[in-house]
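Remarks on the structure that follows.
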Amino acid sequence: MNLKTKLQLLEKLIPNTWLYQMQYIHSSLLVQWILRWGSKPLVFSQKSAIVFSPHQDDETFGCGGMIAMKREHEIPVIVVFLTDGQGSGSSEPSSQEKISQIRKREAVTALGILGVSPSEIHFLEKPDGTLQDLKNEERQQIIEQIIELLKYYKSEEVYVPHRKDCHKDHEETYKLIQKAIAQSEITIEVLQYPIWLLWRAPLFIILKLQDIAKAYYLPITSVKDKKNRAIASYISQTQSLPHGFIKQFLGTQEIFFKAES
């Protein structure tokens, strides 16, 4: 049994109220530690960006402030969603399709608040929760879609979930993007944004000192209100997330990790 499986088992044994309180305290302390001692300031860049998000809401949680700041400076930002987001609701096909459409609408609304137009949003619509299980042909197909987007937009920065983000779709998204970059033979700066990592990862067990050494923080005070309004527009998700989870994204800093070269 690997570490992540053990952690998931432990989560099932602890009452949700206790678990969420423990995770909120842990996440808050870890975030503050990284911001005060474990990270360096990230200089806001004028580079165009493409954000890859496993689900509709990860992009806003992880880098909504960065997106809003770039758009206020009229810097191009493209957002690509890899999955259809159906895994967050009922198992009934009709309900799943309805959930997918709701999440699309919420994504367009949230990104509109941040300054991204619908024409700059792409939905690849892979089944939610299955990115790790794609067959070779399907895997190469999505890699080729990503390559096409990278070459078409020629963005200068890529934003992607952290490679240890404690969620299989998130971690697989990182791998797919890295494969696409390697196969396309382009040079581009990659920054990782944490979503579940700081909530679920025991300090120094999953997140190592060498990982923290690559941490940077970006002040987003000027666009904090926009980001918070964008988060609030994901109504279908905000009501079902663990108590306290959203608070870690409502501050005046965003945390990013430089990807390994």
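Evaluation of I186 against the conditions (1) of a type in the set (A, V, I, L, M); (2) over 17 Å from S53 (Cβ atoms); (3) not in a loop (DSSP other than H, G, I, E, B) shows that the sole unmet condition is (3). Among residues of region 18-56 being in contact with a Phe, Trp or Tyr (Cβ under 7 Å, 6 or more places away or on another chain) and in a helix (DSSP H, G or I), the one that is farthest from D84 (Cα to Cα) is L35. The condition of being crowded, with 24+ Cβ neighbours inside 10 Å, within 20 Å of the chain's Cα centre (by Cα) and touching a residue at least 40 places away in the same chain (Cβ under 8 Å) does not hold for V80. What residue, among those in region 85-129 that are modelled with pLDDT of 95 or more and of a type in the set (S, T, Y), is surrounded by the fewest Cβ atoms within 10 Å (Cβ to Cβ)? Filtering first and then ranking leaves S119.
Among the residues of region 7-23, is there at least one that is of a type outside the set (A, V, I, L, M, F, W, C), in contact with a helix residue (DSSP H, G or I) (Cβ under 8 Å, 6 or more places away or on another chain), modelled with pLDDT of 90 or more and surrounded by 13 or more Cβ atoms within 10 Å (Cβ to Cβ)? There is no residue in region 7-23 that is of a type outside the set (A, V, I, L, M, F, W, C), in contact with a helix residue (DSSP H, G or I) (Cβ under 8 Å, 6 or more places away or on another chain), modelled with pLDDT of 90 or more and surrounded by 13 or more Cβ atoms within 10 Å (Cβ to Cβ).
Suppose the filter is in contact with a Pro (Cβ under 8 Å, 6 or more places away or on another chain), surrounded by 13 or more Cβ atoms within 10 Å (Cβ to Cβ) and at pLDDT 90 or above; does A49 pass it? Give the steps one after another, and end with the answer.
Details: in contact with a Pro (Cβ under 8 Å, 6 or more places away or on another chain): yes; surrounded by 13 or more Cβ atoms within 10 Å (Cβ to Cβ): yes; at pLDDT 90 or above: yes.
Spelling it out, A49 is indeed in contact with a Pro (Cβ under 8 Å, 6 or more places away or on another chain), surrounded by 13 or more Cβ atoms within 10 Å (Cβ to Cβ) and at pLDDT 90 or above.
Residues in region 130-161 that are of a type in the set (V, I, T) and either closer than 25 Å to S45 by Cα or surrounded by 17 or more Cβ atoms within 10 Å (Cβ to Cβ) (or both): I142, I143, I146, I147, V158, V160. Pairs meeting the criteria (first residue in region 225-253 and in contact (Cβ under 8 Å) with a residue 24 or more places away in the chain and assigned to a loop (DSSP other than H, G, I, E, B), second residue hydrophobic (A, V, I, L, M, F, W, C) and surrounded by 15 or more Cβ atoms within 10 Å (Cβ to Cβ), beta carbons under 7 Å, at least 6 apart or on different chains) are S233/A110; S233/I113; Y234/A110; F245/W199; T252/I220. Looking at region 148-162, is at least one residue within 18 Å of T83 (Cα to Cα), out of contact with any helix residue (DSSP H, G or I) (no Cβ under 7 Å at 6 or more places or on another chain) and modelled with pLDDT of 95 or more? Yes, because at least one residue in region 148-162 is within 18 Å of T83 (Cα to Cα), out of contact with any helix residue (DSSP H, G or I) (no Cβ under 7 Å at 6 or more places or on another chain) and modelled with pLDDT of 95 or more.
Is one or more of the residues making up region 232-255 farther than 20 Å from L29 by Cβ, touching a Leu at 6+ places or on another chain (Cβ under 7 Å) and surrounded by 15 or more Cβ atoms within 10 Å (Cβ to Cβ)? Within region 232-255 (the criterion being farther than 20 Å from L29 by Cβ, touching a Leu at 6+ places or on another chain (Cβ under 7 Å) and surrounded by 15 or more Cβ atoms within 10 Å (Cβ to Cβ)), the answer is no, since none of the residues qualifies.
Is one or more of the residues making up region 59-69 more than 16 Å from the chain's Cα centre (by Cα), in a helix (DSSP H, G or I) and at pLDDT 95 or above? So that I can check it myself, show each step before the final result.
Pass one, region 59-69, residues more than 16 Å from the chain's Cα centre (by Cα): 69.
From what is left, the residues that are in a helix (DSSP H, G or I) are 69.
Retained after the next criterion (residues that are at pLDDT 95 or above): 69.
Checked region 59-69: at least one residue is more than 16 Å from the chain's Cα centre (by Cα), in a helix (DSSP H, G or I) and at pLDDT 95 or above.
Taking the conditions (1) over 18 Å from V108 (Cα atoms); (2) in contact with a helix residue (DSSP H, G or I) (Cβ under 9 Å, 6 or more places away or on another chain); (3) at pLDDT below 95 in turn, A213 satisfies each one other than (2). Restricting region 216-256 to residues that are at pLDDT 95 or above and among the charged types (D, E, K, R) leaves a set whose member that is nearest to Q32 (Cα to Cα) is E254.
If I filter region 162-212 down to residues being within 21 Å of F249 (Cα to Cα) and over 18 Å from the mean Cα position of the chain (by Cα), which single residue comes out as surrounded by the fewest Cβ atoms within 10 Å (Cβ to Cβ)?
Initially, region 162-212 is screened for residues within 21 Å of F249 (Cα to Cα), giving 162-171, 173-174, 190-203, 206-207, 211-212.
This time we only want the ones that are over 18 Å from the mean Cα position of the chain (by Cα), so: 202-203.
Numbers: P202: 11, L203: 14.
Here the residue is P202.
Just give me the residues in region 175-200 being touching a residue at least 60 places away in the same chain (Cβ under 8 Å) and under 19 Å from K126 (Cβ atoms), in sequence order. Within region 175-200, L176, I177, Q178, I195 meet the criteria. If you go through region 106-143 and pick out every residue that is in a helix (DSSP H, G or I), farther than 17 Å from K227 by Cα and not polar (S, T, N, Q), you end up with 9.
The values are calculated or read from the model by the stated rules, or taken from the named source; none is laboratory data. The shown structure was predicted, so the numbers you read here are calculated from the model rather than taken from an experiment. Neighbour counts run over all protein chains shown; Cβ positions are idealised from the backbone, glycine included.
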